[in-house]
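Undergrad: Quick one: the structure is below, and I'll ask about it shortly.
The values are calculated or read from the model by the stated rules, or taken from the named source; none is laboratory data. In this text the structure is predicted, and so the values were computed from the model without any measurement. Cβ atoms come from the backbone with ideal geometry, glycine included; neighbour counts cover every protein chain shown.
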Amino acid sequence: MPGSRIIIVDDGRLVRECLAAQLRCHHIDAREAWDLPSLLKQVDAGPPDVILLNAGTADSAMLLQFCGDIDPRTKVVIYGLSMDRESEIVAAAEAGVAGLHLQSESFADLVTMVRSAGNGQALCSPEVSAVLMKRVYAFAAQAHPDSGTESLTARENEVLELLDQGLSNQQIATRLSVSLHTVKNHVHSVLAKLGVSSRAEAVTVFRAGKYAN
């Protein structure tokens, strides 16, 4: 994304200046800010394509909220996140950021994330994806508080586990040595008992029960 304009928001001068210098080596126009006034000054010169915000910067939550109101075309990438603080990861994702960069990830990963954000694509690591999926499972469990798998028969639970593995009805029939018609009946019963309308929703509820806690 040569020619793209990036603003780095980090109250640590050394890290901010080093990061800006490295990004410029990748032909990215990197500007610097360290608080709201300095960010406002940079934004007044024209809305950036991407804002890089250090999660550890003072008032980062307020700065993130401001970044989201700058321009619909401006994307935000958060860096400096830690797997030890999952709530920060979830909060950033809920704020609509385009990238979540962990402390354990490399500079090359960050450049890739910035380029993806500039192209309108969201990107995160498998570790971050796992945290966000756990959040989705928790929401699913809250949405179906009375639709746990306890009401399923042993065979229905078995069918649900195979659905979770991505097997088709025919593959399940072969695995369980039963007819396709029998499998369809089991799947219909599972959906009815879980209070959902699709196999995908059933799997989500199943995983919520396994991983929400």
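Undergrad: Can you name the condition, by its number, that Asn185 falls short on among (1) exposed (fewer than 15 other Cβ atoms within 10 Å of the Cβ); (2) modelled with pLDDT under 90?
TA: Just one mismatch for Asn185, condition (2).
Listed here are the residues, each with its yes/no results for (1) in contact with a strand residue (DSSP E or B) (Cβ under 6 Å, 6 or more places away or on another chain); (2) over 19 Å from Ala55 (Cβ atoms).
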{"position": "Leu14", "(1), (2)": "no, no"}
{"position": "Leu19", "(1), (2)": "yes, no"}
{"position": "Ile28", "(1), (2)": "yes, yes"}
{"position": "Ser38", "(1), (2)": "no, no"}
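Undergrad: Considering the stretch 100-128 alone, what residues qualify as being within 20 Å of Ile28 (Cβ to Cβ) and without any contact (Cβ under 8 Å) to a residue 12 or more places away in the chain?
TA: Ser106, Ala108, Thr112
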